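Before any comments, here is the structure.
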């Protein structure tokens, strides 16, 4: 047998292996995430510009994620109270929380 005659057999074997492996991976897929309501934490009091922009954004985020998005306002310290709490979030316990940060404060 020549190398040229083995190449189609090797390609067929490789293709079959990929198809079988993809079937196995498909069976072990992860749970849907997020699987419950999401909290969008806004570091200012209700009614301000940042709160209004978060409330405008929330329905689009909810549609994209497929779950409700609830706004939670944490006012104080020009945003630092909420940001300090965000920095201490536990990835396992607080996995359905999103911190909202507006751009002017990132550059300040």
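The values are calculated or read from the model by the stated rules, or taken from the named source; none is laboratory data. Computed from a prediction, not measured in an experiment: that's the story for all the values here. Counting neighbours? That spans all protein chains shown, and the Cβs are built from the backbone with ideal geometry, glycine included.
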When restricted to 73, 35, the only residue more than 14 Å from residue 99 (Cβ to Cβ) and at pLDDT 85 or above is 35
* To do: Check whether at least one residue in region 63-79 is over 12 Å from residue 37 (Cα atoms), touching a strand residue (DSSP E or B) at 6+ places or on another chain (Cβ under 7 Å) and free of Cβ contacts under 8 Å to residues at least 12 places away in the same chain, and report yes or no.
  => no
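The rows are residues; the columns are (1) within 23 Å of residue 31 (Cα to Cα); (2) crowded, with 16+ Cβ neighbours inside 10 Å.
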{"site": "49", "(1), (2)": "no, no"}
{"site": "67", "(1), (2)": "yes, yes"}
{"site": "72", "(1), (2)": "no, no"}
{"site": "79", "(1), (2)": "no, yes"}
{"site": "82", "(1), (2)": "no, yes"}
{"site": "87", "(1), (2)": "no, no"}
{"site": "100", "(1), (2)": "no, yes"}
{"site": "104", "(1), (2)": "no, no"}
